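Right, one structure below, let's go through it.
The values are calculated or read from the model by the stated rules, or taken from the named source; none is laboratory data. Predicted model only: the values in this text are computed from it and were never measured. Every residue, glycine as well, gets a Cβ built from its backbone with ideal geometry; the counts of neighbours run over all protein chains shown. Heavy atoms of the whole protein, side chains included, go into the accessibility calculation; ligands, DNA and RNA do not. Shrake-Rupley method; radii C 1.70, N 1.55, O 1.52, S 1.80 Å.
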Amino acid sequence: INPLTKKEENSSAIVMEYAPFGDFYSLIRKDIFPFDEVLTRTYFHELIDGLSYLHSKGISHLDLKLENLLIGKGYRLKIIDYGHSQLLDEDLIGRGSEDYRPPEMKTKNVQNKFAADIYSAGIVLFALFTGGFMPYVEGGSSRQIDFAKLLWEERKEFWEYHSKCQKRPLEDFSKEFRELFIKMTKRNPSERITISEIRNSSWFRGPIYSQRELTQVM
């Protein structure tokens, strides 16, 4: 029974265990999530594992963002909010979330839903790696700089400007990290890296924390 309309309605729900540590967006905004490249890689591994499982079942999430990633028991990453998720043969109904969605979702012209998820996962990776900075703000510019255009044209200025805006050394953005991020966020979906290729990338194959180390760090 809907408490507002007092009418009986059909609904569906996903039941999951309680995630006591909140979502990544809140942790980063509260400056609780420590900047640590190994920690970022550890959680990115879990994100890719979760995304790989969904795709193996023919499901695309289509709304990956920091707010939809929780930290559950044992400090493990959990993907939530499947309100926009779809099977491959379903017609696209949503447009995703601004600043995370790939450009083709904005016009609902998505030919490859898995590639759309890869793009959003790339944006999440950048936000985790930088402590909450977004690679670009959709539909606008920052300091008269069109970061989206620089990203899609693969200009070196994209990294130079971010280095200045974030007040961090340019060297923090390693060649391996840049290559992975750029390949995940290609404007053309057909050019984006696949999950298998992500797993084989140099940055992804770097060190991650064990369960014990993760608990100590967090």
Any idea which residue in the range 93-108 is farthest from Arg192 (Cα to Cα), counting only those that are in a loop (DSSP other than H, G, I, E, B) and open to solvent by 30 Å² or more (accessible area, probe 1.4 Å)?
-> Ile93
Exception for Ser120 within (1) surrounded by 13 or more Cβ atoms within 10 Å (Cβ to Cβ); (2) more than 17 Å from the chain's Cα centre (by Cα); (3) of a type in the set (S, T, N, Q) falls at (2)
Could you tell me which of the residues Glu171, Glu179 is within 19 Å of the chain's Cα centre (by Cα) and either in a helix (DSSP H, G or I) or free of Cβ contacts under 8 Å to residues at least 40 places away in the same chain (or both)?
-> Glu179
Looking only at the range 70-92, and only at residues there that are outside any loop (DSSP other than H, G, I, E, B) and at positive phi, the one that is most open to solvent (accessible area, probe 1.4 Å) = Tyr75
Is it the case that Leu128 is modelled with pLDDT of 95 or more, crowded, with 17+ Cβ neighbours inside 10 Å and in a helix (DSSP H, G or I)?
-> yes
Boolean, Ile59 is in contact with a Leu (Cβ under 8 Å, 6 or more places away or on another chain), open to solvent by 30 Å² or more (accessible area, probe 1.4 Å), on the phi < 0 side of the Ramachandran plot and not acidic (Asp, Glu) | yes
